[in-house]
1. If ALA22 passes every condition in (1) small (Gly, Ala, Ser); (2) modelled with pLDDT of 85 or more; (3) in a loop (DSSP other than H, G, I, E, B) but one, which one does it miss?
Amino acid sequence: MLVHPVGINPRAVKTKPFAVEAKPLSVKPKSLAVGQTSLAVEKKCHAVEAKCCAVEEKLRAVDAKYLAVGEKFSAVDAKAVNT
């Protein structure tokens, strides 16, 4: 009988086939926490975006008022030049 140099007879070692168990896919609690955190961040981003849109609307209104005032001054200047 041949002896393996390490002292194990390779012919005597029987290998078993790997047993594959069907396990249902599960979501780990840590990944759930990460998902909830990302949803919370996304909600905050939407809130900030809504505030920014409101500020932009106010700025557009102010710009429209300044344009109207500018047009009035232009009209006054045109009258002053013509007289």
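1. Checking ALA22 against (1) small (Gly, Ala, Ser); (2) modelled with pLDDT of 85 or more; (3) in a loop (DSSP other than H, G, I, E, B), the one that fails is (2).
Condition check ((1) of a type in the set (Gly, Ala, Ser); (2) surrounded by fewer than 10 Cβ atoms within 10 Å (Cβ to Cβ)) across all residues:
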position: VAL34; (1), (2): no, no
position: ALA40; (1), (2): yes, no
position: CYS45; (1), (2): no, no
position: GLY70; (1), (2): yes, no
position: ALA75; (1), (2): yes, no
position: ALA80; (1), (2): yes, yes
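The values are calculated or read from the model by the stated rules, or taken from the named source; none is laboratory data. As the structure is a prediction and not an experimental result, all values here were calculated from the model. Glycine also receives a Cβ, built like all others from the backbone with ideal geometry; neighbour counts cover every protein chain displayed.
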